[in-house]
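The values are calculated or read from the model by the stated rules, or taken from the named source; none is laboratory data. Given the structure is predicted, the values throughout are model-derived calculations rather than measurements. Methodologically, a virtual Cβ is constructed for each residue, glycine included, from the backbone with ideal geometry; neighbour enumeration extends over all protein chains shown.
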């Protein structure tokens, strides 16, 4: 059965690493649904979070193949019950005088902020789970979506056991 899964990596922070990681997926005809990369507490390393859809065999193969890459220092398959994940989204909506209170109310209901507005549009930011972002987009469609920009999922394990720290690498 195919389902979404999340892989978290600690990698060396230099050119070509992301290309090798994404190339591993493309060589096997695996799609990347979401990708987020950022420097860690140590600038020599970056954290990559990749969301894909596949079966158990694909999950197993992805982890095994990623572990073989020289610049990949740590690989963890995150499960939903033991991890925290969020996305960040900017969305630009068409606005009318009548819709202003509804749009403002919707943004507040989802814990977002309005960042930019004019007589024709409003730009808001929303942070939360992928499902929360998807739900906001669905509710916002009635106003007219002009533009959407989503970050990839960023995620880490709950608690302090199994921390993906760069201190464990050196």
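Just wondering, is there one or more residues in segment 65-77 that are within 15 Å of the chain's Cα centre (by Cα), at pLDDT 95 or above and outside any loop (DSSP other than H, G, I, E, B)?
No - not one qualifying residue is present in segment 65-77.
Tell me which residues, restricted to segment 49-77, are in contact with a helix residue (DSSP H, G or I) (Cβ under 6 Å, 6 or more places away or on another chain) and buried (at least 20 other Cβ atoms within 10 Å of the Cβ).
Correct list: 75 only.
Surrounded by 12 or more Cβ atoms within 10 Å (Cβ to Cβ), touching a residue at least 60 places away in the same chain (Cβ under 8 Å) and assigned to a loop (DSSP other than H, G, I, E, B): does that describe residue 156?
no
Looking at segment 1-42, which of its residues are surrounded by 14 or more Cβ atoms within 10 Å (Cβ to Cβ) and in a loop (DSSP other than H, G, I, E, B)?
Of everything in segment 1-42, those that are surrounded by 14 or more Cβ atoms within 10 Å (Cβ to Cβ) and in a loop (DSSP other than H, G, I, E, B) turn out to be 13, 30, 40, 42.
What are the residues in segment 127-138 that are surrounded by 14 or more Cβ atoms within 10 Å (Cβ to Cβ) and either farther than 27 Å from residue 47 by Cα or more than 13 Å from the chain's Cα centre (by Cα) (or both), if any?
135, 136, 137
Applying the selection to segment 78-96, what residues are part of a loop (DSSP other than H, G, I, E, B), surrounded by fewer than 17 Cβ atoms within 10 Å (Cβ to Cβ) and modelled with pLDDT of 90 or more?
The one that is part of a loop (DSSP other than H, G, I, E, B), surrounded by fewer than 17 Cβ atoms within 10 Å (Cβ to Cβ) and modelled with pLDDT of 90 or more: 96.
Regarding segment 105-116, can at least one residue be identified that is assigned by TED's automatic domain parsing to the domain that holds residue 139, crowded, with 16+ Cβ neighbours inside 10 Å and assigned to a strand (DSSP E or B)?
no
Name every residue in segment 136-166 that is in contact with a helix residue (DSSP H, G or I) (Cβ under 7 Å, 6 or more places away or on another chain), modelled with pLDDT of 90 or more and closer than 16 Å to residue 6 by Cα, in order of residue number.
Once the filter is applied, which keeps residues that are in contact with a helix residue (DSSP H, G or I) (Cβ under 7 Å, 6 or more places away or on another chain), modelled with pLDDT of 90 or more and closer than 16 Å to residue 6 by Cα, segment 136-166 yields only 153.
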